[in-house]
Amino acid sequence: MGPCIALALALLLIATGCATLTPSQEKSLAEVHALAKETATVYGRAPTHVLVSHDPNAPPGSYTTGFFSLSALTLTSPFRDAIVAHELAHYVLGHEAPLLGKTQSERDRDYQRREEDANAKAVEILTRVAGMSEMRALQTMYQYLVGIQWALERYPRLDLRGHRPPCEEIADLLGRFPAQRAWTVSLDCAPPSLGTDG
């Protein structure tokens, strides 16, 4: 895995060096750097690095040991905060550790669990570090996942990169915040359990 990470990092650095950012992307990146730095302080973690990919086929964001990367397009996306918080959540949760399980199926389930844990932790990061209310932070993550669901409905072959279907991730996320059920109960993909009082 080490050589693969090194190669990915090298390729990412090459891609980063071959293109410049617009002023609005530069401003956005500075805000992302500030959020990453403050997250490290709040959670008592070693600093992490932020890299920008100019590859149009790169995912919006990804995390590996020591750094997380963002697509240049993410920097001006309305979903930037959700994507950044999700990748920072992987960092805070220590998701660089090897996946658990003896079989591929078990490792796939652990990967999916980590993604769902990162969605929920992202809400916490947006609250504790970015200063959002829990409601706004949850709305931020929900709107991002709904955007993925919208894309999947229009492009059924969309590569979910190991994630469960977004509607399932939404149900899991909303179910973790019962204090917000007054407004989440009627949302698309809300878990059925949120619709009951018992």
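Every number here is computed from the coordinates shown, using simple stated rules; none is lab data. These numbers come from a predicted model, not from an experiment. Cβ coordinates were reconstructed from backbone atoms using ideal geometry, including for glycine residues, and neighbour counts include every protein chain displayed.
Assorted remarks:
- Net length available on complete extension from Leu73 to Leu100 is 6.5 nm, with 0.36 nm assigned per residue and the Cα-Cα distance removed.
- Of the DSSP H helices in the chain, those that are both long (alpha-carbon extent of 20 Å or more along the helix axis) and hydrophobic (Kyte-Doolittle mean at least 1.0) are 2-17.
- Remark: the stretch 179-188, residue by residue, has Karplus-estimated 3J(HN,Hα) of 5, 9, 5, 4, 9, 7, 4, 9, 6, 4 Hz, where x stands for each Gly or Pro and the curve is 6.51 cos²θ - 1.76 cosθ + 1.60 at θ = phi - 60°.
- Distance in nm between pseudo-label sites at Ser133 and Arg176 (7 Å out along the Cβ direction from Cα): 2.2 nm
- Answer label, with semi-axes √(5λ) of the Cα gyration tensor in Å calculated from the coordinates and candidates (1) 41, 18, 14; (2) 27, 20, 18; (3) 29, 21, 13: (2)
- Length gained on full extension, Thr65 to Leu93: 8.9 nm, using 0.36 nm per residue less the C-alpha separation.
- Inter-probe distance in nm under a simple model that places probes 7 Å from Cα toward Cβ, at Ser186 and Trp150: 2.0 nm
- Mean residue ellipticity, 222 nm, helices only, the chain: the sum of -39500 (n - 2.57) across DSSP H runs of n ≥ 4, divided by residue count and rounded to 500, is -18500 deg cm²/dmol.
- With a simple spin-label model that places each label point 7 Å from the Cα along the Cα-to-Cβ direction, the separation between Leu158 and Asp55 comes to 2.1 nm.
- Under Karplus coefficients 6.51, -1.76 and 1.60, residue-wise ³J(HN,Hα) of the stretch 60-77 in Hz, glycine/proline x: x, x, 7, 10, 9, 3, x, 7, 10, 10, 10, 5, 4, 5, 4, 4, 10, 7
- Sequence-distant aspartates and glutamates (8 or more away, or on other chains) whose Cα lies within less than 15 Å of Lys102: Asp110
- Cut-off 17 Å, label 7 Å out along Cα→Cβ of Tyr43, residues of the stretch 82-109 by amide N: 82-99
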